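Worksheet: one structure, shown below.
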């Protein structure tokens, strides 16, 4: 894109890696654990994979990995096990169904005062659904390739 307007190299770049509050606040998008909605979490509605699909198809090991790595959730193993058990009974289709599973998995004594027990798991699923780390890597590598050579700090 920059080459199209005659820019061959740049001195620096910024990436806006924040999520859109408009998307997060739209209940039907399924990002919030405070409202019941389809468990979706896709930033791009044309993308195929939803959070419900991940929750209902990933192996226990893969669910644990996603929740631990992307959410830094200390109860990841237990949450993954509870998800597997619940989905054997019925698929997890809504945000509040998943919240109920997470609340059952995380012992009440471990609930943090200022952080909802589902926060980290929802973050992890959002990151996985939208492949956010790959997008970040693509943006960083693209920006680095455009940096002017020999301009050490």
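The values are calculated or read from the model by the stated rules, or taken from the named source; none is laboratory data. Since we're looking at a predicted model, the values are computed, not measured. Here Cβ is always computed from backbone atoms with ideal geometry, including for glycine, and neighbour counts include all displayed protein chains.
Among the residues in segment 57-66, are any surrounded by 11 or more Cβ atoms within 10 Å (Cβ to Cβ) and outside any helix (DSSP H, G or I)?
The answer is yes, given that some residue of segment 57-66 is surrounded by 11 or more Cβ atoms within 10 Å (Cβ to Cβ) and outside any helix (DSSP H, G or I).
Is it the case that some residue within segment 31-51 is out of contact with any strand residue (DSSP E or B) (no Cβ under 7 Å at 6 or more places or on another chain) and in a helix (DSSP H, G or I)?
Yes, segment 31-51 contains at least one residue that is out of contact with any strand residue (DSSP E or B) (no Cβ under 7 Å at 6 or more places or on another chain) and in a helix (DSSP H, G or I).
Would you tally the residues in segment 23-50 being under 15 Å from residue 119 (Cα atoms), under 14 Å from the mean Cα position of the chain (by Cα) and at pLDDT 80 or above?
Looking only at that region, the number is 4.
With the requirement that a residue be free of Cβ contacts under 8 Å to residues at least 40 places away in the same chain, within 18 Å of residue 67 (Cα to Cα) and outside any loop (DSSP other than H, G, I, E, B), what does segment 103-131 give you?
Hits for segment 103-131 are 103, 104, 105, 110, 112, 115.
Quick one: count up the residues across segment 124-136 that are under 16 Å from residue 83 (Cα atoms) and at pLDDT below 95.
Qualifying residue count, segment 124-136: 0.
Test each condition in (1) closer than 16 Å to residue 19 by Cα; (2) loosely packed, with under 14 Cβ neighbours inside 10 Å for residue 46 and report the one that comes out false.
(1)
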